[in-house]
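Working notes, structure below.
The values are calculated or read from the model by the stated rules, or taken from the named source; none is laboratory data. This one's a predicted model, so the numbers in the text were calculated from it and none came from an experiment. Positions of Cβ are backbone-derived with ideal geometry, glycine not excepted, and every protein chain shown enters the neighbour counts. Side chains included, ligands, DNA and RNA excluded: accessible areas come from the protein's heavy atoms. Shrake-Rupley method; radii C 1.70, N 1.55, O 1.52, S 1.80 Å.
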Amino acid sequence: MSENNQANKITILRQLFGDNRAEWKSSEFGRLFVTPTYQTKLEANKPCFLIGGRGTGKTTALQSLRFDAMNARLASEGLQFSDQKCLGILVRMNKNRVHAFSGGGINDTDWGKFFSHYFNLLTCQELCELSVWLEKKTYISLPEQEISLVAASLGFSNISSIPDLKLAIKREISRLQLQVNNPSRDQGLILSMAEAPIREFADALFTSGLLGDRVIFCCIDEYENLLDYQQALINTYIKHAEPPLSYKIGVRKNGLRNRKTLDAEDLLKTPDDYAEIEIADEGFDYFARAVAELRLQRAKDEGINIPTRLRDFLEELSLEEEAIILGAGKISDRVLADLKESDPEAYSFFAKKPASETYFLKYWSLSEGAPIQQLARDWIQNEDEWLTRIGNYMYASLFWISKGNKGIRIRKYYSGERTLLAMSSGNIRYFLELLDSAIEDQLRDGELGSDLLRISAKSQTVAARAVGERRLNQLEGLADYGVQLKRLVLAIGKVFFERARAPEGKTPEVISFVLGGSADKVNQLTRFLADGVAHLAFEVSPRTKATTNSELKDDEYRLHPIFSAFFEISHRRKRRMTLDAANLLAVLEDSPGKAISALLDGKEQSPEQELPEQLALFSAFYSGGSK
Amino acid sequence: MGEAEPQTTTLRYFDLLPAHIHPEEVIVASSDSTEARGRMALWQELAAKDPAKVVWVKHLSRESIEVVHGTSTRQISLRNSTEIEELLNRDQYLLDISGLSHCVWAPFVKSLFDRRVSTRVLYAEPRSYKSHPSPASSSVFDLSITVEGATPLPGFARLAEPSDESKCLFVAMLGFEGNRPERLLLDIEPIPKVIPVIGVPGFRIEYPAFTVGCNRTFLTSYNCSSELRLARASCPYEVIQELADIRKSYPDYYLYLALVGTKPHALGATIYSLSNPENTEILFDHPVRKKGRTDGVELIHVYNFNNFDEFRV
């Protein structure tokens, strides 16, 4: 393979997985778009809220409904305009713009009038684009009279063509900008009625025959950016939506803060008024696999020797293989040396066993505080029981195997299709980022040769750690309480890291927690954690079972599994512990080291030189205020 | 100073003296700054002799201030251009922005710019920034409690969407708080190309390296190190020039200007935006500053913008 050819193939591969929003390029849309499992629900006529965190694919899904994107998608399936049942328009609620409609001594009712005018203008701007597109598709022109009616509903006179309407809208937005920047000075705007021009426009498209029997989906993205009064306004449109107009809303979890409508008595309700699509509940694994495999197929089509099944692409280690790689052999040798001296019969029994079983005696010995010889005898007499025990605890023991081995670069592997899917936890962006980083690591020093490209467990692990670190660092900048959240994640991750490596107490797979302590402190912390859930620092689920009376809050939190490799903890949801809210809040102060020690009930923390390199980067935080 | 003084220029002082203030100039300064550099002793001295010489500004909220001028005290809405015009109704102003937040000085600069009022702006460098006792990020300084989030600076709201969303740039004036630019960037869809601007030379020789370190994640995440632009940390003119150069390279692009670096950079970007309102948008996240975030006063810069005509397009 020539150097140029190889570089070209690497570029193709990195672009396929590296550009997480590849779907957005219209030329690629049809070829790379994978229909999410919820697409049928999304394309139903009823208004709906598409709910998911950043990176779950909301925007891409809404974008796929836009009239031109959907048409491109249909074309790639051999279908045509006549098969298109809906026509989406997309309006993004940019925070910097919608937040301008507040303050200045003006009350929300008055701001509502300006905002609904703004929303009408933005939406009609998109409807103009749709009209031009429809005119080309149907060879029907929108009559001048209809255009002038739409224009009149926006407060414009003497407008009878779409280009003129577009220009008038642009000018009106500029005038509205003057008004918003100087709200106490009346700019003499004629404000349009809530939703009236949008409905007028939709009806005009219908009566003039441009729509046919299609429905217009007004897709509103980033709904969480709207202020509460603005949500009430849009909620009213949603509640009273009628064909040929419907609404499709993209919103972050907990982003629908206000269910009121303009008529305060009349709340927006599901399922009466709209359907809810919670992306996390919609078959993520199937969808993510399909996205990855379509891209693998594309790479193969481009001449790269690559498997098209994800599970073939990602190397997965068995527990036994991983135990050996992590150093179970050396531990097993020490166990055997010990038994050879003290119990030759037990020695000959275990000498025949693989190292991936024998090392477990040492783990269990530390866990139970019992001598190896005694456990070895017990094993010989109750082998079935021990094999069950290995089955139950082998995964947990993997976190301990490398403890004290300072030279080792990887102390726990995170590899294979199932692990990467679990770490992504419903987030397609995380999943593609994991794949892209793994490919980057794999190809960093090596070549894209003629052999089948397969991503090693090592590269997947290095990638998982790097993605976790990136997400951790980004957290600070994303959330309202980003600075606090990063400190909380670092502290909680460190607590779980220390527990994972300690066999005592057998709680290595603790990655969930409930809050305990005073109600006041719990409430203070809950505010941060709720922000953390919205920004994927944590996941939350209702608590399954109370363990102590001091657990006051019902929610069970889990560190987002994308951080698992960074903190070298389990990515599986297994067990929880109670964390004292006061101690957790203390990590936000000047002495986080002391607070973490308190969270570990005074148990000693790993010395700095034994920390994995990615955690050692935060030693200034971990040693802050000393331990 | 004197006849040889160019039209627009920066004068730098270690000790600001009464002789450095123009006789007709009215000073606008903070009355409640918690930083030493925001409480210039000279202003007290001048106000003692002539109370009308200094307009004292106290921050009340993101949109309102209390102003003491001479014997009068009044509240002013920063979203009310008439009230600002009535406050700044003299012919010459010296704005001391060292102790004023962006949401105060930016609408003042806008008002003076729009009315072509002769303006000088003063900025005092701090001697040092407060170190963080237990940093959890590459930011070694402890400057803000939190950020209130993206909301337009008073008078700087833009409602029009860029005509082509694929032709947008995010120009970030970077500082020591590496967590701030990304949040502003992620409010934009689709994410535009990023051009970082770093203060070189910095207030101190090591500051540019600190800035890069503090923004390491941002620079690598958006793969923008190759687009790095440099402008003296204390010079608004160099930022204006850099932005003009960026505009030349990307003539039909819409520029989002993220003010997350030094105040002189923010000042330069603001003036550039005032000159190019159709294709620029200021982004600001309103950090809540920690008390005593800086210590001492170092070099004092006085920028003369005259009536801003040199900066109009």
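Residues of the range B:209-232 that bury at least 20 Å² of accessible area once all protein chains are present, compared with their chain alone (1.4 Å probe, heavy atoms only, ligands and nucleic acids left out), are B:ARG216, B:THR217, B:SER221.
Go through the range B:131-157 and flag every residue whose accessible area shrinks by 40 Å² or more with all protein chains in place compared to the isolated chain (probe 1.4 Å). Output list: B:PRO133, B:SER134, B:PRO135, B:ALA136, B:SER137, B:ALA150, B:PRO152, B:ALA157. Averaged over residues, the count of other Cβ atoms within 10 Å places the peptides B:158-170, A:257-269 in the sequence B:158-170, A:257-269, highest first. Peptide A:245-253 has a mean shielding of 0, counted as Cβ atoms of other protein chains within 10 Å of each residue's Cβ. With contributions of -39500 (n - 2.57) from each DSSP H run of at least four residues, the per-residue ellipticity at 222 nm computed over chain A stands at -16500 deg cm²/dmol.
To the nearest ten degrees, helix B:263-275 and the longest principal axis of the Cα atoms of chain B are 80 degrees apart.
Total Lys pairs in the range A:233-332 closer than 23 Å by alpha-carbon, pairs eight or more apart in sequence or interchain only? For the range A:233-332, the number of qualifying lysine pairs is 8. The portion of the accessible surface of the protein assembly as shown made up by carbon and sulfur, rounded to a whole percent, is 48 (1.4 Å probe; DNA, RNA and ligands excluded).
Farthest toward the positive end of the dipole of chain B, out of B:ASN279, B:LEU243, B:SER64, is the Cα of B:SER64, where the dipole comes from beta carbon charges about the Cα centre.
The angle separating the long axis of helix B:102-114 from the principal Cα axis of greatest extent in chain B is about 70 degrees.
Once the partner protein chains are put back, the range B:164-186 shows a loss of at least 30 square angstrom of accessible area, versus the chain by itself, at B:ASN179, B:GLU182, B:ARG183, B:LEU186 (probe 1.4 Å, ligands and nucleic acids excluded). Solvent-accessible surface of the protein assembly as shown, taken per residue with a 1.4 Å probe and all protein chains present: 40 Å². Candidate cross-link partners of B:LYS290 among the aspartates and glutamates, defined by an alpha-carbon separation under 15 Å and a same-chain spacing of 8 or more, comprise A:GLU589, A:ASP590, B:ASP32, B:GLU35, B:ASP142, B:GLU148, B:GLU177.
For the B and A pair, go ahead and give the buried accessible area with a 1.4 Å probe, both sides summed, in Å² to 100. Looking at B and A, the buried total is near 3900 Å². Packing here is the average count of other Cβ atoms within 10 Å per residue, and on that basis the peptides A:200-206, B:254-260, B:218-224, A:327-333, highest first, run B:254-260, A:200-206, A:327-333, B:218-224. Counting only other chain Cβ atoms within 10 Å of each residue's Cβ, the peptide A:171-179 averages 3.
Normalising by residue count, the protein assembly as shown has a Cα convex hull of 197 Å³ per residue. Adding -39500 (n - 2.57) for every DSSP H run of four residues or longer, then dividing by how many residues chain B holds, sets the calculated 222 nm ellipticity at -7000 deg cm²/dmol.
Shielding by partners for peptide A:467-479, expressed as the average number of C-beta atoms from other protein chains within 10 Å of each residue's C-beta, is 5.
Legend: residue pairs B:LYS263/B:LYS291; A:LYS403/A:LYS603; A:LYS362/A:LYS574; A:LYS46/A:LYS85; B:LYS58/B:LYS263, Cα-Cα distance threshold 21 Å; pairs beyond threshold, A:LYS362/A:LYS574.
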